[in-house]
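Notes to accompany the following structure.
Just so you know, all these numbers are worked out from the coordinates, no wet-lab data involved. Bear in mind that the values here come from a model prediction, so they are computed numbers and not experimental data. Neighbour counts are summed over all protein chains in view; Cβ atoms, including those assigned to glycine, are modelled from backbone coordinates with ideal geometry.
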Amino acid sequence: MSGLSAGLSRRRAALLTLLLAALVAAPWLVNDYLLTVLILILYFAYAGQAWNVMMGFAGQLSLGHALYVGLSGYVAAMLFTRLGVGPWLGLLAAIPLAAACGAVIGYLAFRFRVAGVYFAILTIAFAEFARIGFDNWGFVNGSSGLFLPVTQYEHNDLWLLRGAPAMFYYVILAATALVFVLCHFLVRSRIGYFWLAIREDEEAARAVGIDTFRYKMYAVMVSAAVTSFAGVFYAFFYNNLFPEQVFSISRSIEIILGPIIGGIGTLFGPILGAFVLTGLAEALNAVMGAFGLELPGAKQVFYGVCLLLVVVALPDGVWPPLARRLGVAERKP
Amino acid sequence: MTALLTLERVSKRFRGLTAVDNVSFAVPAGVIFAVIGPNGAGKTTLFNMIAGTLAPDGGAITFAGNPIEGLSADAVCRRGVARTFQIVRPFPALTVEDNVTIGALLHRHDVGAARQRAQELLRRLDLFDKRQRLASTLTLPDRKRLEVARALATGPRLLLLDEVMAGLRPTETDRMVAILRELNRDGGLTILLIEHVMRAVMALASHVLVLDHGVAIAEGTPDAIVRDPAVVQSYLGAEAV
Amino acid sequence: MPLAVYLNVAVGGVLTGLVYGLMALGLSVIFGVVRVVNFAHGEMMTVAMFIAVVLFSWFHLDPLIMLVPIAAVLFAFGYALQASLINPFITRPEHSQFLLLVALAIIIANALLIMFGPDARSVQTSYAYDSFQLGPLIVDAAKLYAGAAAIMFTAALFAVFRFTPVGKAIRACADNYTGALVVGLDVTHLYALTFGLGAACVGAAGTMLVLLIDPTPMLGPGYTLLAFVIVITGGLGSMPGALVGGVLIGVTEALAGLLFTPSLKSMFAFAILVLVLLFRPQGILGRRLA
């Protein structure tokens, strides 16, 4: 029992089960508003975890993940509004598309040695490109936005994802749990090890025979494909898509805030980060509301300050020191 | 004995500077072959061309009967040529064991089996007790042995060592020499090393190639080249004889 | 369409491009010397723009006159920022620095949003609708003044780097960090100075840009990206490259706006970025800062 093969210690398993139980029981314990907040938290936990695969595991900084969210959302939404195709089938179309986009970006970047900050800029450029493109594309209704018909709220239709917040909650909870498990196995797999090697020292990784181009491509494609679900969920939960919103760089940054604050490269970091971030933001809203203040942009300033504090004081994120305290430290991958 | 590695008229130029000039030599299988020469002689450039980090401008490099010049570093490693770096490059935030496991995963798909192989190698290289430590916390001699272990984990037929003795005290040098000799004798591993530490070269190598200003100026057994006047003049100095 | 129209638009693009170039120059200077990627660049420019707006609406002070004072304010801001917050990050990994500046960018942009609200402000100078006629060419007065100011400011900066002792010291730092330390240069101070100069560029560019566009608080990211496109296209670390890149982007944007819908013009900037990153990553004039 050593290194990454340590597996789940009893303590970790216990804490995780406790958390899961609490989350499963949540709809009976909290009001509708808080449930919506929880949905948002889990959404960011999910998307953050998907982003983490690329950054935390393979060391590639993407600041354009909104691209995959937006594309997938639009694909599923268009299939639904034009052809009545349900979101789960829409997902089957969105995933390959997102993965293909990731592959294109990855290929362009890795083949031509675009790395580090330049890679981040490239990802931003693609997302912006999509934003402006979709904004001017009549076929998807451009800047006027694409709306999904909401037939009813009472009856839970899982197939078409129409229904009460509680249904959406369980869907995103299940997805987040699944992605957590997926990452758990990825980190311990051969591909996970290769990703870590690439992240640590790409040239040394090549010297031990790792085809770094191929594995970086896998990281980008897996990350994009997993993010795809977030896009479909977003479309069917909010029922409207505006290019200006969905592809915006603010969305991309929101996605990365959770993992950064929680801890890049850790398994639980993105989840914790999402809780901390959204939780505190909502608290801020509540406090301001109590004082009768209504400041658009205050939440973003708060996000910025959080990010600043974490980057300056806790570069590894909030989770590693906390995990050590709780005695459930992840073997540092 | 057929040569495991053959270089034929290999050259490399960097914008007007000819770093390696039409160098040819053959490394028979199962030997320890040393490349020595003054700083700037082109030794590391030569190495990098064999290892695939650089592509030669001219000439051919053949390994186990197949051409490998111009192949990428990872492709070369997959063919059976492993290397260490002059300035050690372990994976710093990973444990010693994980470092070597990654090497072992090249030709194994099961993580458990790779880990076992890693542990074997760590025992061999005297690092087993430190296997849970992060690579960044190791001392230099330990890091050098870690790199050797990691390179060995990829299951090479030829091991390229770039100044692996540099910075080691005499006792550590002797230790490394003993390990390498054992690997060569017991495992039949062919070793090609760049070295400045003559103590190690004399103790290990059966063949020596001397480079100066990119040109091969002498080749032969250690005893022979140590007495070669051209070698003495360019590199060793009269005291070495 | 008659050639004159293309020509007018192109000339307008060149002049606007010079202002873009100045903005990008600030980024290039900072990266070339301090090696920090200033992701808050656009936001710093937005701050300058709003200062100009406020000064104009409260005191009727023409932006062109306020050019130097605003640049000075941004200089001080940049100096302080580098000396206090960014300096410890020089040795940290790239993505840490990047994220620090992303955080600053978010804070600045949204602070502006809280202070000024989301609507665009405008500065209507007396010459806002004037134009000059040169044969078939019709040039907007505002653009001409802005372009001219950009050239002058750039020339001044160039002179500082070439001829003053401070400028030479900064270039020494850029060329050889350890060497500069060995020779006794106060690198921290010089880095802060450089950041200040970069911020001053962006402050000046913003003040000029206020004559051409109406600022909103969320303008920042778009211009940060534009600055990156220009710097990478022109060549990272090359001062003339930033100007060349700026003019190239300015003209492309202007012509694209004419030939296609105006809202698509940014897409061309990104297309150029992708092409440059792929085929000539060192940029058109790519070299070390010299």
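So here's what we get for this one:
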| item | result |
| --- | --- |
| Tensor-based shape of the protein assembly as shown (alpha-carbon gyration tensor, a/c under 1.5 rounded, otherwise prolate or oblate) | oblate |
| Separation between Cα centres of the stretch A:216-271 and the stretch C:165-194, rounded to whole Å | 41 Å |
| Inter-chain Cβ neighbour average for residues A:306-315, partner chain, 10 Å | 5 |
| Å³ per residue enclosed by the Cα convex hull of the stretch A:97-146 | 79 Å³ |
| Residues whose placed amide H lies under 5 Å from that of C:Ser131, excluding near-sequence neighbours | C:Ala141 |
| Aspartates and glutamates whose Cα lies under 14 Å from that of C:Lys168, excluding same-chain neighbours fewer than 8 positions away | C:Asp186 |
| Prolate/oblate/rounded label for the stretch C:217-279 (Cα gyration tensor, a/c 1.5) | prolate |
| Within the protein assembly as shown, percent of DSSP bridges classed antiparallel, to nearest 5 | 65 percent |
| Protection-proxy order for peptides A:61-67, C:145-151, A:13-19, A:170-176, each taking the mean of Cβ atoms within 10 Å per residue, highest first | A:61-67, C:145-151, A:170-176, A:13-19 |
| Net charge of neighbours whose Cβ lies under 14 Å from the Cβ of B:Thr139, counting Lys and Arg as +1 and Asp and Glu as -1 | +2 |
| Over chain C: helical MRE at 222 nm, DSSP H runs n ≥ 4 each giving -39500 (n - 2.57), nearest 500 | -24500 deg cm²/dmol |
| Residue-averaged beta-carbon neighbours from other chains (10 angstrom radius) around A:241-252 | 1 |
| Local electrostatic count, B:Val210, Cβ distance below 13 Å [Lys/Arg +1, Asp/Glu -1] | -2 |
| Kirkwood Rh, angstrom, the stretch A:3-326 [1 / mean 1/r, Cα pairs] | 20.4 Å |
| Low-density loop positions, chymotrypsin sites (Phe, Trp or Tyr not before Pro), the stretch A:254-295 - DSSP coil, at most 14 other Cβ in 10 Å | A:Phe291 |
| Modelled FRET efficiency - R0 45 Å, A:Asn239 with C:Ile65, Cβ distances, 0.05 increments | 0.30 |
| Dipole axis of the stretch A:3-326 (+1 Lys, Arg; -1 Asp, Glu on Cβ), positive-most option in A:Tyr43, A:Pro96, A:Leu63 | A:Pro96 |
| Under Karplus coefficients 6.51, -1.76 and 1.60, residue-wise ³J(HN,Hα) of the stretch C:13-21 in Hz, glycine/proline x | x, 4, 5, 4, x, 5, 5, 4, x |
| P(r), alpha carbons of the stretch B:82-155 - 5 Å bins starting at zero, rounded % | 4, 21, 33, 27, 13, 3, 0 |
| Two-site label geometry, B:Arg185 and A:Arg111: point separation in nm, points 7 Å out along Cα→Cβ | 5.2 nm |
| Low-density loop cleavage sites - chymotrypsin sites (Phe, Trp or Tyr not before Pro) in the stretch A:218-254, where at most 12 other Cβ are within 10 Å (DSSP) | none |
| Stokes-Einstein D in µm²/s, Kirkwood radius over Cα pairs - the stretch A:259-312 at 25 °C with 0.890 mPa s viscosity | 208 µm²/s |
| Local net charge near B:Phe25, Cβ-Cβ under 12 Å (Lys/Arg +1, Asp/Glu -1) | -1 |
| Amide H within-cut-off set for B:Val215, under 5 Å, with H built and near neighbours excluded | B:Asp21 |
| Candidate lysines - alpha carbon under 23 Å from B:Lys12, same-chain residues fewer than 8 apart omitted | B:Lys43 |
| For residues of C:268-280, the mean tally of beta carbons on other chains within 10 Å | 4 |
| Two-site FRET efficiency, A:Ala21 against B:His107, from Cβ-Cβ distance with R₀ of 35 Å, rounded to 0.05 | 0.20 |
